[in-house]
Structures are given as structure tokens and as C-alpha cells.
Amino acid sequence: MRTAQLALAAALMLALTFGTTSAATAADTDDPLDLISPRPLDPVIGLLPPLPVKHAPYTGDVCPDGASSCIDETIAEMERRLSQSASRCDHDAVFDLAYLRVTEDVREAVNQGVFDDQVWLGQVDAVFASLYFEVMDAWHSGDTEARAEVPKAWQIALEAADDREMTGLGNFLLAMNAHINRDFSYVLAEVGLSDVDDTSHKKDHNAYNPQLDGLYDSVFAEVAARFDPTFDDIDVLTVEETVAGAIMRGWREMVWRNAEQLVLAQTPAQRRLAEQLIEDYAATQAQLIRTSFASPSEAATSARDAFCADHGTGG
């Protein structure tokens, strides 16, 4: 029953983000999972043209030169933070671990030449992570004013983690939603959507979609082994390779389009509207996730915490 509930909630999230494959695909398969396979989305996403955006140089002080060392430094900071959250069995540790593994994979993809513009990619990665660090520091500072400035989607995610009200998968999805659907568009807009020749970075943005597919199995298994043994309960439906992959593609496509609206806003009112759409969408998704992935009982939460106490610091 628990597996069916999680699968239903995940399918609902997918329907609210990017949709499924075409009716023609559905007619060609007897496997229901093919209807939510992420793979047919890649050529479609690749054909969606980016809006023309003039180059605007990145002027931030986080990884200003885009050096490869930026990702190394980011990973070191993520390892430090994970060590702390895991030792306390904070429910934030689930996302700390997943984000670390994704960033390690980004470094490997850079080294393998997956991206055309490695400087841009390094800057995006570093600025993206620094925003996460800032949110976490503000929330855990205990300062009321600092907490009030945390975006709504993050407030929902971090309150749920503090209250220990979610399954591990719920904590992961809440943080992922806040960091991608809320934060990522602002990061892309800040670092820039095109190079000095006004060529869009969308190709590099899209290039990471299939890379993520290879991470779900291992990351889900590691989180289940350390923090919450129920985390990969929906593995029987291969959600790591289907629903998760499709959701991420949908969210990442929306993120790019929202970033375009931020950059192309010509008046303060247009900018405020673009920002409001981002904030509202992320907060709405957060409320849906919080409802769908709440821990079934105090006993289940206690069992999760006891399991973490025995296994969480490993790895």
C-alpha cells in the first residue's frame, strides 16, 4: 500500500510539471512505465529554441573566473556540511547527501567534456550551491528576521525537516523543488544565458538531463542505506529512471524559461511578475509534496531516526 501511495503521488507531481510521452508512443507500448519514460523527452527538449538573449557578463564574486577549482571547493564545503547534518541525523541530511553526489557527478561530466562552456558551467554550479548554503545558514541561524527572508518554498521544506514530519523521500523532494524550481532560475539569470557571441547556453543546460539518469539508482540506494530505509521503496516501479527523470527534465525546462523571463523583463513590473510566478509555483509544489509525502506515523519517524543513528555517519 505504501508503495502504491508513493507512486501515485510521484505520478501526480509529474502530471503537474511536464506531462508524459505522446499518444503515438502510448499506442506502441504495452508497458505503462513507457508512458513516463524520460528518454523521449530529450529530442523534444532539444528542439525547443531558446529565446534570443544578449550576452551580459557575470559580475558576481562567487567563482568569478569559472576555474575548475570552484567545483572542488564546493564539494569540500558540501562534505563538511553533510558530516555535520548526518552526525545529528538532521532530516536535511537527505538532500545534503544527494546534492553532494550530483555535484561530484557534475565535476566528472566537466572532466569528460560533456559541456561546451566549462567556465559558465563552473560558475553556475558554484553560484547555485552558494545560494543553498546561504539559505541553510539563514534558517539555522535562529535569527527570526533572517528566517523570514527565506523564500516560501524553502520555509516549507525546512520547517518540515525541523518538525520531522516527512518521509525521507518527502524531505528530498521538498528541498529539490525549492532549490530547482525556486533558486535555479535566479542563478541562471545572474550568471547569464548566452556567451560573448550571444550564443545560448541552453545546449549545455540540456546536456545534463541524461547525466542525471545515471544517478538516481545509486543516490536513492545510498540514502536508503544511511538515513531512511524506506527511501527507495518505490524502486519496484523504477521511479529512479522514469518519474524522477521526467520530473527533472520538466522542472529544468521550466527553470530555463523562467530565467529568460527574468532576463528579458524590461520594466520593474515585468521583473516582479516573473519573480512572483517563480515563487508561487515553487511554493505550490512544496505544499503538494508536503501533503503527499508526510510521514505515516510518529512510529515511522522514530524508526527512521533510530536507523540513521546506527547507519547515518557511514559512507
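What does the charge count around E279 come to, taking other residues whose C-beta lies under 12 Å from its C-beta (Lys +1, Arg +1, Asp -1, Glu -1)?
0
Quick one: which of 127-139, 177-189 comes out on top by average Cβ neighbours within 10 Å, and what's the full order, highest first?
177-189, 127-139
Can you compute the equivalent ellipsoid semi-axes for the range 81-158, i.e. the square root of 5 times each eigenvalue of the Cα gyration tensor, sorted largest first and rounded to whole Å?
So the equivalent ellipsoid measures 28, 16, 9 Å along its semi-axes.
What does the charge add up to near A157, with Lys and Arg as +1, Asp and Glu as -1, over the other residues with Cβ less than 12 Å from its Cβ?
Surrounding charge for A157 is -3.
So which trypsin sites (Lys or Arg not before Pro) in the range 62-119 are both in a DSSP loop and have at most 14 other Cβ atoms within 10 Å of their Cβ?
R88
Measuring from label point to label point, each 7 Å out along Cα→Cβ, what is the E298 to D280 span in nm?
Label at E298, label at D280, 3.9 nm between them.
Add +1 for every Lys or Arg and -1 for every Asp or Glu among the other residues with Cβ under 12 Å from the Cβ of M254, and state the total.
+2
Using each residue's phi in the range 196-211, evaluate 6.51 cos²θ - 1.76 cosθ + 1.60 at θ = phi - 60° and report the 3J(HN,Hα) Karplus result to the nearest Hz, with x for Gly and Pro.
5, 8, 6, 7, 5, 8, 4, 4, 5, 4, 5, 4, 7, 4, x, 4
When averaged across all projection directions, what area in nm² does the alpha-carbon convex hull of the range 152-283 cover?
Convex hull of Cα atoms, orientation-averaged projection: 9.0 nm².
What residues from the range 102-116 fall in the zone where the backbone N is under 19 Å from a label point 7 Å along the Cα-to-C-beta line of T199?
Within reach of a label on T199, which here means backbone N under 19 Å from a point 7 Å along Cα→Cβ, the range 102-116 contributes 110-116.
Only four residue types carry charge here, +1 at the Cβ of Lys and Arg and -1 at the Cβ of Asp and Glu. Report the dipole size of the range 55-193 about the Cα centre in Debye, rounded to the nearest 20.
In debye, rounded to 20, the range 55-193 gives about 320.
Rounded if a/c is under 1.5, else prolate if a/b beats b/c, else oblate: with a ≥ b ≥ c from the C-alpha gyration tensor eigenvalues square-rooted, which is the range 30-188?
Judged from the Cα gyration tensor, the range 30-188 comes out oblate (a/c at least 1.5, b/c at or above a/b).
All of the numbers you see were taken from the coordinates with simple rules; none came from a lab. Just so it is clear, the structure is predicted and the values come from calculations on it, not from any experiment. All Cβ positions, glycine included, derive from the backbone under ideal geometry; neighbour counts span all protein chains shown.
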